[in-house]
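Okay, structure first, notes after.
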Amino acid sequence: MRHILPNAMLGIIGGGQLGRMFTLAARAMGYRVTVLEPDQHCPAGSLADVHLCAAYDDPAALEQLASTCAAVTTEFENVPADCLSSLAEHVKVSPAAESVSIAQDRIGEKAFILNAGLAVAPYLPIQSAQDLEQALDNHLPGIVKLARLGYDGKGQIRVKTAEEAKAAYRELGNKPCVLERLLDLKAEVSVIVARTGPGEVTTFPAAENQHEAGILDISIVPARIPAPVADEARRMALHLAETMGYVGVLAVEFFVLQNDVLAINEIAPRPHNSGHYTLDATLTSQFEQQVRTLCGLPPGDTRLLSPVVMVNLLGDIWRDDEPAWDRLLSQPNVMLHLYGKQSARIGRKMGHFNVLAESVDSAIRQAEQLKDQLKS
């Protein structure tokens with residue numbers, strides 16, 4: 001495969017914080033970047049060499065991407081797959097439309113994972129109200145999740161009874177869903193894979209993830225799980241990437257059950273919130289890996305340089321003024337990353353900070369103290 005080298009123009013569809021961090025990584029490595037994003041004030045737009053302010057499926061914008069870029073990637077999975085297929089006829093696209101489309105629909109995603117010989121939580125596909133007329137005991141208590149477009153806890157309703165499941169399906173607009181059984185969990189973890197091709201693949205250390213209201217709150221690395229469990233998560237993530245023939249950065253989220261058995265929750269064909277710790281705590285970040293795999297280069301070294309805790313900063317802590325950033329910036333082992341969003345709102349991801357420390361325990365203690373200070 002021919003390498004795409006610095007000074008080439010790289011394209012990314014999506015201009016949010018993931019697009020912004022991709023742009024920063026690419027420009028630091030000597031590449032130029034074109035962002036396709038309809039929001040003229042998007043986080044990535046002001047940093048890119050070219051901002052195409054147009055819809056993701058705009059024909060003229062896609063033609064410009066194809067004619068001016070050496071390769072194109074995405075920052076999120078809900079880009080129309082047919083747009084990626086059309087682009088791929090003229091320019092390298094990574095990840096491929098086939099991989100992205102798997103992650104766009106929970107029903108198809110779970111079926112693909114099972115067909116790959118890997119475990120998921122027990123689930124029932126719901127295509128119509130009739131699907132909820134059968135016995136649901138094996139799937140309750142559970143969560144009704146939209147098959148498409150749900151994220152950060154949106155489009156998900158917890159249910160205990162069959163009647164609640166039916167009501168949830170109606171509340172979600174009678175759209176295709178899955179009813180997924182709630183499991184007794186020991187932890188939730190994620191593994192991020194970077195793959196250029198067969199034999200050119202690596203993983204980052206597993207992150208232990210804690211959520212609040214369905215949104216990632218903190219990621220702890222290394223994850224506090226037994227080494228054999230972390231190794232198995234890595235093996236499963238690699239197997240899935242190989243089965244998909246995946247090229248790019250792939251995040252795989254896992255449930256860790258009380259008996260240390262793993263079940264895959266979901267996948268994301270892109271860098272992931274739980275991988276933001278890599279910006280400061282690993283030799284290569286997940287965004288550098290996105291650039292490298294897009295350009296046909298082997299993935300970089302993923303060794304962990306320090307125990308780390310990543311903390312999401314949501315719009316909840318913005319009040320009449322900016323939060324007290326001096327509380328973070330006065331700490332020499334804390335790295336602040338803000339996304340350049342113009343307005344804050346409840347639940348919106350505005351940035352994150354990483355706490356690097358001698359041990360996971362000390363990083364957690366400091367991260368929790370700083371979280372409390374920012375909220376006060």
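What follows is calculated from the coordinates using simple rules that are stated; it is not laboratory data. Keep in mind the model is a prediction, meaning the values are calculated, not measured. Cβ coordinates were reconstructed from backbone atoms using ideal geometry, including for glycine residues, and neighbour counts include every protein chain displayed.
Summary table below
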{"quantity": "Count, lysine Cα pairs under 21 Å in the chain, 8 or more residues apart or across chains", "calculated": "19"}
{"quantity": "Those trypsin sites (Lys or Arg not before Pro) in the range 337-376 that DSSP places in a loop and that have at most 12 other beta carbons within 10 Å", "calculated": "ARG345"}
{"quantity": "Those trypsin sites (Lys or Arg not before Pro) in the range 127-166 that DSSP places in a loop and that have at most 16 other beta carbons within 10 Å", "calculated": "ARG148, LYS154, LYS160"}
{"quantity": "Centre separation in Å (Cα based) which lies between the range 71-114 and the range 233-278", "calculated": "16 Å"}
{"quantity": "Long-range HN-HN contacts of VAL159 with modeled amide H, under 5 Å", "calculated": "GLY142, ILE143, VAL144"}
{"quantity": "Cα shape, the range 229-311, gyration tensor, a/c 1.5 rule", "calculated": "oblate"}
{"quantity": "The range 122-181, relative contact order in percent, only Cα pairs under 8 angstrom and at least six apart counted", "calculated": "51 percent"}
{"quantity": "Cα centre as origin, Lys/Arg/Asp/Glu Cβ charges: the range 9-93 dipole, Debye", "calculated": "420 debye"}
{"quantity": "Cα gyration tensor shape of the range 122-181, rounded if a/c is under 1.5, else prolate or oblate by comparing a/b with b/c", "calculated": "prolate"}
{"quantity": "HN-Hα J in Hz across the range 37-53 - Karplus 6.51, -1.76, 1.60, θ = phi - 60°, x for Gly and Pro", "calculated": "7, x, 7, 5, 10, 5, x, 7, x, 6, 9, 6, 5, 9, 10, 8, 8"}
{"quantity": "DSSP beta bridges in the chain [antiparallel fraction, %, rounded to 5]", "calculated": "80 percent"}
{"quantity": "Likely footprinting exposure, SER46, SER101, SER128, fewest C-beta neighbours within 10 Å first", "calculated": "SER128, SER46, SER101"}
{"quantity": "The chain, helix-only ellipticity at 222 nm - DSSP H runs n ≥ 4, -39,500 (n - 2.57), divided by all residues, nearest 500", "calculated": "-8500 deg cm²/dmol"}
{"quantity": "For ALA71, distant residues with modelled amide H under 5 Å away", "calculated": "GLY11"}
{"quantity": "Positive-pole candidate from VAL201, GLY30, HIS239, dipole of the chain, charges at beta carbon", "calculated": "GLY30"}
{"quantity": "Residue (of PRO95, LEU140, ALA165) at the positive-pole extreme of the chain, dipole from beta-carbon charges", "calculated": "PRO95"}
{"quantity": "Vicinal HN-Hα couplings computed from phi for the range 109-119 (Karplus, 6.51 cos²θ - 1.76 cosθ + 1.60; Hz; Gly/Pro x)", "calculated": "4, 5, 5, 5, 4, 4, 5, 7, x, 10, 8"}
{"quantity": "Computed magnitude of the charge dipole of the range 122-181 (debye, nearest 20; Cβ of K, R +1, Cβ of D, E -1)", "calculated": "220 debye"}
{"quantity": "Highest-fluctuation residue, ALA66, ALA162, ALA96 considered, GNM on the chain with Cα pairs under 10 Å", "calculated": "ALA162"}
{"quantity": "Loop-exposed GluC sites (Glu not before Pro) per DSSP, neighbour cap 11 Cβ within 10 angstrom, longest uninterrupted part of the chain", "calculated": "134-357"}
{"quantity": "Derived scalar couplings ³J(HN,Hα) [the range 133-144; Karplus, 6.51 cos²θ - 1.76 cosθ + 1.60; whole Hz; x for Gly, Pro]", "calculated": "8, 7, 5, 10, 3, 6, 10, 10, x, x, 10, 8"}
{"quantity": "Dipole moment magnitude, nearest 20 debye, the chain about Cα centre, only Lys, Arg, Asp, Glu C-beta charged", "calculated": "260 debye"}
{"quantity": "Most mobile listed residue (ALA263, ALA60, ALA281) in the chain, GNM with C-alpha springs under 10 Å", "calculated": "ALA60"}
{"quantity": "Farthest toward positive dipole pole in the chain [+1 Lys/Arg, -1 Asp/Glu at C-beta], among GLN366, GLN258, THR68", "calculated": "THR68"}
{"quantity": "Cβ-based exposure ranking for TYR246, TYR339, TYR31, TYR277, in which fewest neighbours within 10 Å come first", "calculated": "TYR339, TYR31, TYR246, TYR277"}
{"quantity": "Where labels lie 7 Å past Cα in the beta-carbon direction, separation of ALA88 and ARG327 in nm", "calculated": "4.7 nm"}
